[in-house]
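S.K.: The structure that follows is given in the form of structure tokens.
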Amino acid sequence: MCTLEKRGNLFLLTLTGDNEHRFNPDTIATILSLLGQAKSQSQRGSVLITTGHGKFFSNGFDLAWAQSSGSLTGAAERLHQMVESFKPVVAALLDLPMPTIAALNGHAAAAGLMLALSHDYIFMRKDRGVLYMSEVDIGLSMPDYFAAMVRSKIGTSAARREVLLSGKKIRGEEAVALGIVDSAAHASAEGVVEATVGLAEKLAAKKWKGDVYASIRKSLYPELCGILGLEATIFATPKL
Amino acid sequence: MCTLEKRGDLFLLTLTGDDEHRFHPDTITSVLSLLQQAKSQSTRGSVLITTAHGKFFSNGFDLAWAQSAGSQTGAVNRMHQMVESFKPVISALFELPMPTIAALNGHAAASGLMFALSHDYVFMRKDRGVLYMSEVDLGLPLPDYFAAMFAAKIGTSIARRELLLSGKKLKGEEAVALGIVDSAGQDSAEGVVEATVSLGESLAAKRWNGEVYASIRKSLYPEVCAMLGLTAKIAATP
């Protein structure tokens, strides 16, 4: 389902298996647990890279699981359960005391795109894979922290509209042009991971103090942190 | 004054007559009523296109009507009345359960520009027409919901300064470069309308649930919605 490996300074979180890596309560609990593990083992110079196997980074919540509850109310409740239980995953990433990089091997849709956007850096493939907020096409309204994430991380009003209101499937080049991802230069999943490892090693070499890094990161997104219930602890003890 | 036509999936709201299409209490009421009509007739695939005839999209509030009150206090009251009664027009556009496109046939100034920016997409002419926030030149402060709209819809600090603080009259190319409008590719009013119809038809083909669309739209602009007294309902029913 997902694994956490350590390679020197780098933590590699992988959504395994050649499937859509949809988030249901079990996968969400596993990811949260692995992020907790990375946090507890973190030290100066730690960096997280998150990636997946196969055609999908993640295609979002497990809507089939929601619908299999047998009733409309049951489905709505299950969806609500997933929306609520995914919030701590986003919070854990925003709180993680190390730089975070999403290496998109393939498509990232809905909650899957949220997972990607929760990272400090996003690299995607040039040749394959799209970013897609499917909610407008499926007829689902936006959880508050999803909209807050898009508003916080995507710079222009036009880009935000393209992402949330157009139902567009955004490919690498356009995602870079819209300022949604940092890079779409590699024509393979391995190429993307290699590039993120390259960036990670540069960041690791800075040997930053993780809790300060996390505090500064959170100060960039006060609205989102407010919605997630995260406080930015402002403490200044300069090293002179 | 203004008309609402239906062409297939598209609602076409037109400010008619070859004048400045200034907003004063009567025009505001008419526009509001037509927007409510569009809302009540909306179905999956509905799209609104707003345009106008002549040299102006709209040149803003009817300041002459305000001044004809005969006294300073009277003029201020009339201004205030227009500012307040225009708010529901903006709210109606934000709540409209369908994608909205402004097809600028000509100049859009002050509340006329606000009206344009309240749409999801804005197309203007390449050859004619400017965007102009006249308030700084006229010595009028900005209503709070105007400022919130600009902050929300215009991405860079530089673009906002150019529009609000420089008294500049922005032509199509520059408006696109500053990220204020989506397109300034056509050399005629008919060309702009045609381009918006084309976009409108591709959006209509998505057959979106209008209520969900409006809800997602509002979630993009929480400050403006709060100022307009609009709540974004979060409801997830897959």
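S.K.: If you scan region A:54-77, which residues turn out to be hydrophobic (A, V, I, L, M, F, W, C) and within 11 Å of another protein chain (Cβ to nearest Cβ)?
M.R.: Selection gives A:Phe61, A:Leu63, A:Ala64, A:Trp65, A:Ala66, A:Leu72, A:Ala75, A:Ala76.
S.K.: Is one or more of the residues making up region A:78-94 in a helix (DSSP H, G or I), more than 14 Å from every other protein chain (Cβ to nearest Cβ) and in contact with a Pro (Cβ under 7 Å, 6 or more places away or on another chain)?
M.R.: no
S.K.: If you don't mind, there's one more thing I want to ask. Mind counting the residues in region A:167-179 that are more than 11 Å from chain B (Cβ to nearest Cβ), touching a Phe, Trp or Tyr at 6+ places or on another chain (Cβ under 8 Å) and either crowded, with 23+ Cβ neighbours inside 10 Å or at pLDDT below 95 (or both)?
M.R.: Number satisfying all stated conditions: 1.
S.K.: If a residue has to be among the hydroxyl-bearing types (Ser, Thr, Tyr) and either free of Cβ contacts under 8 Å to residues at least 24 places away in the same chain or part of a loop (DSSP other than H, G, I, E, B) (or both) to count, how many in region B:7-66 make the cut?
M.R.: 6
S.K.: Do the conditions hold for A:Ser157, that is, is it crowded, with 22+ Cβ neighbours inside 10 Å, facing chain B (nearest Cβ under 7 Å), hydroxyl-bearing (Ser, Thr, Tyr) and over 25 Å from A:Lys55 (Cα atoms)?
M.R.: Here the answer is no, as A:Ser157 does not meet what is asked.
S.K.: A further question follows. Can you say whether A:Glu190 is within 14 Å of chain B (Cβ to nearest Cβ), outside any strand (DSSP E or B) and either buried (at least 18 other Cβ atoms within 10 Å of the Cβ) or of a type in the set (D, E, K, R) (or both), as far as the supplied structure shows?
M.R.: no
S.K.: Under 6 Å between Cβ atoms, which residue pairs at least 6 apart in sequence (or on different chains) link something in region A:130-154 that is within 13 Å of A:Tyr221 (Cα to Cα) and more than 7 Å from chain B (Cβ to nearest Cβ) with a partner that is of a type in the set (Asp, Glu) and surrounded by fewer than 21 Cβ atoms within 10 Å (Cβ to Cβ)?
M.R.: Taking only residues 6 or more apart or on different chains, the pairs are A:Ala148/A:Glu223.
S.K.: Moving to a separate point now. Would region B:114-121 turn up any residue that is in contact with a Gly (Cβ under 9 Å, 6 or more places away or on another chain), more than 27 Å from B:Arg207 (Cα to Cα) and modelled with pLDDT of 95 or more?
M.R.: yes
S.K.: Residues in region B:95-111 that are among the aliphatic types (A, V, I, L, M) and more than 14 Å from chain A (Cβ to nearest Cβ): how many?
M.R.: Of the residues in region B:95-111, 5 are among the aliphatic types (A, V, I, L, M) and more than 14 Å from chain A (Cβ to nearest Cβ).
S.K.: Quick check, is A:Leu164 surrounded by 16 or more Cβ atoms within 10 Å (Cβ to Cβ) and touching a residue at least 60 places away in the same chain (Cβ under 8 Å)?
M.R.: When the stated conditions are applied, A:Leu164 does not pass them.
S.K.: If you don't mind, there's one more thing I want to ask. Which of the residues spanning region A:33-75 are under 23 Å from A:Ala204 (Cα atoms), within 19 Å of the chain's Cα centre (by Cα) and not small (Gly, Ala, Ser)?
M.R.: Listed by number, the residues that qualify are A:Leu34, A:Leu35, A:Gln37, A:Lys39, A:Val47, A:Leu48, A:Ile49, A:Thr50, A:Thr51.
The values are calculated or read from the model by the stated rules, or taken from the named source; none is laboratory data. All values reported here derive from a predicted model rather than from experimental measurement. Cβ atoms come from the backbone with ideal geometry, glycine included; neighbour counts cover every protein chain shown.
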